[in-house]
Structure formats: C-alpha cells, structure tokens
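Inspection log for the structure reproduced underneath, given as structure tokens.
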Amino acid sequence: MAKMQDKVMIRLRDVDKCYGTNKVVKSLNLDIREGEFLTLLGPSGCGKTTTLRMIAGFEEVTEGQIFLEGENVEDKKPNQRDVNTVFQNYALFPHMNVEDNIAFGLVEKKVKKPEIKRRVGEMLKMVQLEGMEKRLPAQMSGGQKQRVAIARALINRPKVLLLDEPLGALDLKLRKQMQFELKHLQKKLGITFIYVTHDQEEALTMSDRIAVMNQGILEQIGAPEEIYNRPATKFVADFIGETNIFEAYVEEVMDGRIGISLEAGTAAVKAAGFHKEEMVYICVRPENLKISAEPVIDFNIRGKVKEHVFIGSVNKTIVELVNGQELKITTQPDVELLSMGSEVNLFWNEGKGILLHTKEEQIYNLIENTVKIEGGGDD
Amino acid sequence: MKLKRKLKEYKPISVLYPCLVYLFLYVPILVVIVFSFNTSRMNIVFEGFTVEWYFKMFENRQLMDAFRNTLLVAFFSTVISVIMGTLCAVGLYKLESKIKNIISSSLYIPIVIPEIVFGIALLVFFSSVHLPTSMLTLIISHITFSLPFVVITVRSRIAGFDPSILEAARDLGAGEFRTFMRVTLPMIMPGVISGGMLALTLSLDDVVISFFMAGTESTTLPLKILGMVRKGVSPDVNALSTLMILGTIAIMLFSQMIQGKIEKSREAHSGVE
C-alpha cells in the first residue's frame with residue numbers, strides 16, 4: 001500500500017456533474033497519488049467515465065474543483081492538460097499510419113523530426129509493434145490498435161494516463177494478456193494510471209487501489225484486498241466478487257459480541273459499534289461460508305443441500321435455507337461433500353462475516369443523533 | 001462443361017436488356033457528337049465530315065464571353081460554397097442542441113423548392129436591396145442553391161465518425177484549428193471533393209435561376225445556348241455540346257483520379273508528417 005507522505009497527483013474536491021437536472025456525479029472527493037494504479041470501478045452509468053472525462057477536460061465540472069499537482073485545472077482545455085487518454089474504441093486517426101498516429105502529440109509540441117523518429121521507435125519497441133510503422137489502423141487487429149493507442153498517449157510522457165475501458169473490445173484471452181502488460185508498463189514507467197472498468201476481476205488484478213462508484217457516489221476506496229475482504233457497503237460487497245447477504249436483526253449486545261436473528265435462524269458473532277434492535281446486513285463470501293452436519297457453537301442456521309456444481313478449481317454447493325434463500329458455498333475439491341438433500345448447519349469463522357449497518361438504520365441514527373444534540377442544548 | 005453452362009446462363013434477354021438501356025442513354029449524345037461534324041446545316045442527314053463548326057464556334061465572341069462567365073461563376077460559387085458548406089457541416093456535427101434538427105431539416109428546403117420559385121425569390125430579394133443583376137448576384141445565387149448539396153454530402157461523410165477521434169486530437173495537444181486541419185479535414189476530404197463536384201456541375205448547367213439573375217453583361221453559356229436554339233439547333237451548338245460532354249467526362253475522370261490518389265496516399269503514406 002502507498003504511504004501517507006506520497007505526493008497527491010490529482011485531487012478532486014466536492015466534484016458534482018449534472019446533465020440538466022440529472023446529477024451523474026455527486027460531491028466526489030478523491031486523492032490520486034503519484035505513480036499509483038487507481039481503478040474507477042462500477043456498473044455502467046455510475047459516473048466513472050464522466051469522472052475520467054472531467055479529469056481529461058472533455059467535460060466541465062458543474063461544482064467543485066480538480067487539481068493536477070496542486071494546480072486548479074478548471075480553465076484548462078484538454079490540449080493544455082498534462083494528461084493523456086486511451087479511449088475505449090482506440091480512436092486512432094484512420095487516415096494516418098501507425099508512425100504518424102504515435103507521433104501526433106510530438107508534432108503538435110513541435111519536437112524536432114529526428115527526435116520524433118527516435119521516440120516513435122522507442123514506443124514501437126515498448127509496445128512490440130516494430131516493423132508496423134507504415135500500417136494503417138484499418139489493417140490492424142484490435143489488440144494491435146490498442147497498443148498503438150497506448151503508445152500514442154505515452155509518447156507525450158504525461159503525468160497521468162487515463163484509460164477508459166481500454167480492453168473492453170478485446171476477447172478474453174487477449175484481455176488477460178493486455179492486463180498483465182499494462183500493469184507491467186505502469187510499474188516500469190511509474191506514471192499514474194487512472195483506469196475505468198466495470199469488470200471487477202480486471203480491477204482486482206491490476207490496481208493499487210480501487211474506487212468503487214455507484215450512482216455517482218464513491219462507495220469505497222482502498223486496496224483490492226481491502227475492498228474484497230472488508231467491503232464498506234452492501235453495494236461493494238455485492239458488486240465485488242460473489243457474496244451471500246443476509247438481513248438480520250440485533251437481538252442483544254454483549255461484551256464485544258452481538259446476538260443476531262435471521263429469518264432462518266440465530267447466531268452470535270464478534271462485532272462492535274452496533275446497538276440493540278438495529279437491522280444489519282451480514283455478508284459472507286462463498287469460500288468463507290461453511291456447512292456441517294453436526295451442530296455448531298454460536299450458530300443455529302439450518303438449511304438443506306440443494307445442489308453440487310463442479311466448476312473446475314473448486315466445488316460449488318447450493319444450500320437452501322428454511323426461508324427459501326439460496327446460498328452459495330465454495331469448497332476445495334479435497335473437502336468431502338455432504339450428500340444432497342441432507343440437513344446442514346451453516347457457520348463461518350470469526351471475522352469472516354462482515355456486518356454492515358443498513359442504509360435506513362444510518363438515517364435513523366442520524367435523526368436520533370440530531371434529536372440528542374437538540375435535547376442537549378435545552379439542558 | 002463449364003463454358004457450356006455459362007453460355008446457357010446468358011439468355012438472350014439478359015444481354016439484350018442492358019444493351020437497350022445503354023442505347024436509350026447514349027444514342028442522343030452520340031447523335032449530337034456525330035452531327036457536330038456534319039457539313040450540312042440541317043440535323044437530318046449526314047452529308048460529309050468537317051470541323052468547320054468548331055472553328056466557327058471559337059470565333060463567336062458572344063459565345064466565348066458566355067463561356068468565360070460560366071467558368072467564372074462556377075469557379076467562385078464552387079469554392080465559396082465548398083468552404084461555407086464544409087464549415088457548416090462540421091459546425092452542425094459539433095452542435096449539441098435541439099435546434100440542430102430544425103437547422104438540418106431546413107437545409108433541404110432550397111433543394112425541394114421548385115427552381116422557378118427560388119429564382120423569383122432571389123430576384124425579388126435582390127431588387128428589394130437594390131442590387132442590380134450582375135456577375136455578383138449570379139455568383140451569390142449559385143452559392144445559395146449549391147450550398148445545401150455540399151453540406152449534405154459532407155455531413156453524410158462526417159456522420160459516421162467516432163467523436164472520440166476528435167477528442168483524441170485535442171487530448172494529444174492539438175488546438176481547435178490544428179485538429180480541424182490535421183484530423184477533421186483529411187477525414188472528410190472525399191465528402192468535400194464530391195460536394196464540390198456536385199456544386200460545380202449544378203452551377204455549370206443551371207438555366208432557370210441564372211435566367212433571373214444574369215444581367216446583360218453576365219449571360220452564361222447555358223442561357224446563350226438556349227437563346228441560340230430558339231432559332232433552330234445549329235451545328236455550332238452541336239460542336240459546343242460535344243466539347244461540353246468531353247469537358248464533363250474529363251472532370252469526372254479527374255475527380256476519380258484525385259479520390260484514387262487520396263486512397264493510395266493513405267496506403268503508401270510514409271515518413272513522419
């Protein structure tokens with residue numbers, strides 16, 4: 001993980017973006033550090049591409065500020081910002097060959113011809129397209145076009161490279177390979193990458209940090225492990241990887257533990273910061289959810305084994321709870337499977353179930369706190 | 001075997017039919033060309049071969065003046081309408097507003113309005129602003145009717161563009177003007193050329209609107225020919241028509257050559273810049 005003293009390369013402060021009355025980005029605050037690979041992850045329409053386009057300068061910020069190396073870039077046009085973009089559909093100039101496409105930015109900067117020639121050569125070598133100088137975009141495959149687009153952006157030695165779903169149009173195998181190459185390239189060059197994708201797997205494998213967005217709001221930002229293991233909201237838990245989500249009610253709060261009741265049973269788990277009679281979500285990853293034919297201490301959640309599915313590296317078991325909810329459980333192939341239809345007890349190890357406040361409850365908390373403050377004033 | 005089957009496929013009707021179509025299209029043109037070399041004044045029987053009419057035609061001062069006027073009007077109206085039309089098409093492409101639809105559909109109005117109405121409208125307009133008919137009014141009116149054609153051709157070319165290509169140019173450091181010169185214009189060039197060719201042809205053979213617009217000093221060739229034909233089609237008109245046909249074919253070949261060259265240079269483009 002990056003250290004605190006790392007320099008902030010891009011800072012977004014209370015950034016809003018509206019199209020008419022439609023607010024697509026809502027008071028976004030984000031610090032992106034120098035040299036980091038940050039991914040903006042979210043479903044389509046979550047505002048991630050708009051955020052990227054505001055950083056590039058293609059979209060104006062409705063409210064708030066964007067700083068590049070501490071400088072407010074509000075009045076700067078895209079051609080005046082020290083950032084470059086790799087577009088979703090490559091956006092290569094169809095009338096120019098590979099060499100001219102890559103040299104475009106340097107020609108605009110009035111760099112001398114021999115220098116351009118040298119740097120284009122370097123770039124071609126870097127993206128492994130040597131010997132293709134004279135090809136036109138129409139004569140290249142998707143993967144090759146993407147390499148040209150990356151070279152065309154990086155030749156300008158930008159402070160930040162923005163990538164808008166650059167691998168979306170490629171087939172799975174090529175995408176995996178390019179993910180690897182991009183990550184390598186970023187490490188080698190030390191340039192800040194801001195990467196937009198809706199593919200959570202891609203985000204997890206490539207990023208130093210992931211910013212998960214939903215409906216214009218930044219839900220959580222953190223390292224991939226943090227996002228995966230400690231999701232801050234139900235949305236993040238649901239969107240990243242597979243997860244089982246239970247709704248539960250806090251029956252009692254003991255010393256460092258809480259007793260909860262679910263529709264399908266009860267459990268006592270380690271937790272802090274929750275209070276009695278609160279509704280909570282419990283998120284348990286399929287690999288952390290366990291079943292046993294024997295009763296388990298602290299847990300009384302019963303279900304029936306409905307189905308076993310073999311999916312290669314792991315076994316997947318579907319368990320149906322008494323209330324009809326279906327749970328996914330993955331186990332290693334060497335773990336013996338319980339027979340279908342058998343009654344089982346569900347449990348998870350300490351710390352593997354993530355408890356989250358429900359949104360309604362957060363609002364309830366807020367009202368309660370406000371009332372308290374007002375009450376305090378009267379005293 | 002194969003040849004036999006192929007011959008079988010060529011039924012007489014499938015050969016005859018296209019032949020008839022081509023005859024229908026080209027016989028009148030051939031007749032004009034043939035009679036332009038006829039010694040007789042009458043366009044009925046071919047009496048003998050001569051090129052006399054061609055010389056006579058070149059000696060005809062009025063005809064040559066009209067020819068010069070036509071070329072001047074065609075040149076200026078084409079150049080100006082291509083520039084204006086291209087800019088208009090690019091501007092419309094970038095426009096993000098509800099008026100865009102109104103503007104683009106209003107482009108078709110000058111095209112569908114009967115030419116005679118358009119001619120009268122222009123005449124009324126120019127007389128109301130006290131502009132006497134001259135080469136100037138002629139050029140302006142030719143720009144007016146060829147402009148929509150240029151806009152439409154260029155727009156159809158630009159419509160399929162991925163807008164991020166222009167954004168990419170901006171992103172890589174090119175300002176608005178540089179983006180236009182280095183990216184937009186080269187990409188729409190084929191559209192600009194065909195729009196220009198269309199404007200040129202329209203201007204060269206326009207009769208109706210020019211009839212209202214041309215002053216005594218600015219008669220165009222089509223008007224002059226029309227005047228001459230009233231007294232019967234003379235062989236020098238045939239000669240002139242023949243030359244015009246050849247001229248048109250030359251322009252057509254030329255434009256195809258340019259288009260071909262553009263495509264070729266794209267393929268064989270070498271070196272930086």
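The values are calculated or read from the model by the stated rules, or taken from the named source; none is laboratory data. Being a predicted model, the structure only gives us computed values, none of them experimental. Every residue, glycine among them, receives a Cβ derived from its backbone with ideal geometry; neighbour counts consider all protein chains shown. For the accessible areas, the whole protein counts, side chains as well, though only heavy atoms, and no ligand, DNA or RNA atoms are used. Shrake-Rupley method; radii C 1.70, N 1.55, O 1.52, S 1.80 Å.
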Query raised in the report: Within segment A:67-94, which residues are more than 10 Å from every other protein chain (Cβ to nearest Cβ) and assigned to a strand (DSSP E or B)?
Result: A:PHE67, A:LEU68, A:GLU71, A:ASN72
Query raised in the report: Quick one: how many residues across segment A:150-189 are open to solvent by less than 40 Å² (accessible area, probe 1.4 Å), in a loop (DSSP other than H, G, I, E, B) and of a type outside the set (D, E, K, R)?
Result: 6
Query raised in the report: What is the number of the single condition among (1) in contact (Cβ under 8 Å) with a residue 40 or more places away in the chain; (2) surrounded by 13 or more Cβ atoms within 10 Å (Cβ to Cβ) that B:THR50 does not meet?
Result: (1)
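Being among the small types (Gly, Ala, Ser), surrounded by fewer than 23 Cβ atoms within 10 Å (Cβ to Cβ) and assigned to a loop (DSSP other than H, G, I, E, B), is that true of even one residue in segment A:141-148?
Looking for residues that are among the small types (Gly, Ala, Ser), surrounded by fewer than 23 Cβ atoms within 10 Å (Cβ to Cβ) and assigned to a loop (DSSP other than H, G, I, E, B), one finds at least one in segment A:141-148, hence yes.
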Query - Hey, B:ASN101 among the polar types (S, T, N, Q), on the phi < 0 side of the Ramachandran plot and crowded, with 18+ Cβ neighbours inside 10 Å or not - result: no
**Report entry** Elements of type strands (runs of 3 or more DSSP E) in segment A:247-307, at least 1 residues being open to solvent by 40 Å² or more (accessible area, probe 1.4 Å), among the basic types (Lys, Arg) and in the same structural domain as A:LEU327 (by TED's automatic domain parsing)
**Finding:** A:257-262, A:265-270, A:289-292
Query raised in the report: Using beta carbons and a limit of 8 Å, which pairs, at least six apart or on different chains, have the first residue in segment B:179-194 and within 10 Å of another protein chain (Cβ to nearest Cβ) and the second one surrounded by fewer than 17 Cβ atoms within 10 Å (Cβ to Cβ) and not in a helix (DSSP H, G or I)?
Result: B:MET187/A:PRO94; B:MET187/B:PHE161
Query raised in the report: Among the strands (runs of 3 or more DSSP E) confined wholly to segment A:1-51, which include 1 or more residues that are under 22 Å from A:GLN215 (Cβ atoms), open to solvent by 70 Å² or more (accessible area, probe 1.4 Å) and without any contact (Cβ under 8 Å) to a residue 40 or more places away in the chain?
Result: A:8-19, A:22-33
**Report entry** Given (1) open to solvent by less than 30 Å² (accessible area, probe 1.4 Å); (2) more than 12 Å from chain B (Cβ to nearest Cβ), number of the condition A:VAL98 does not satisfy
**Finding:** (2)
Query raised in the report: Here are some conditions: (1) over 19 Å from A:LEU154 (Cβ atoms); (2) away from chain B (no Cβ under 14 Å). A:GLY35 meets all but one. Which one does it not meet?
Result: (1)
Requested in this report: Check segment A:190-198 and report whether any residue there is modelled with pLDDT under 90 and not in a strand (DSSP E or B).
Outcome: no
Report task. Find the residue count for segment B:15-38, including only residues that are more than 23 Å from B:THR248 (Cα to Cα) and open to solvent by less than 60 Å² (accessible area, probe 1.4 Å). Result -> 1
